[in-house]
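What follows is a set of notes on a single structure, which appears directly below.
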Amino acid sequence: MSSQYCERCKQPLRPGRSFALQGGGSPRTRGGAAPPAPDLRCLKCALRHRGLLRRSLMVSLVVGTILTLLNQGDTLLAARWNNALYWQIPLTYCVPFLVATYGALTNTRK
Ligand SMILES: [Zn+2]
């Protein structure tokens, strides 16, 4: 059995605790060229992967905005802000961010 190492921090990777992430900062291929092999990363480095964070942030912005409008739209449009909104709205954006990140890590786990 060959041991594998995190592409970023060079720590040894344990089975089930490594993540194969695409686009580790290398330029994108164009014109039908084969995509580069995914980078294997440990959990700590996977959580700092720029592409993963960008996708999770985009999901959070879209889904969080929709959920905020659905749940708090009437309050916001009526300009009846209460103190609970100051934690409810940020939490509404955090949930899809965490779900998207968890899903990406689950789907790329090796
Ligand atoms: Zn690492």
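All of the numbers you see were taken from the coordinates with simple rules; none came from a lab. Fair warning: this is a prediction, and the values are worked out from it, not measured in the lab. Cβ placement follows ideal geometry from the backbone for every residue including glycine, while neighbour counts extend to all protein chains displayed.
List of remarks:
- Filter result for Cys94 (assigned to a helix (DSSP H, G or I) and hydrophobic (A, V, I, L, M, F, W, C)): yes
- Only one of Asn82, Asn71 that is without any contact (Cβ under 8 Å) to a residue 24 or more places away in the chain, more than 16 Å from the chain's Cα centre (by Cα), farther than 28 Å from Glu7 by Cα and not in a helix (DSSP H, G or I): Asn82
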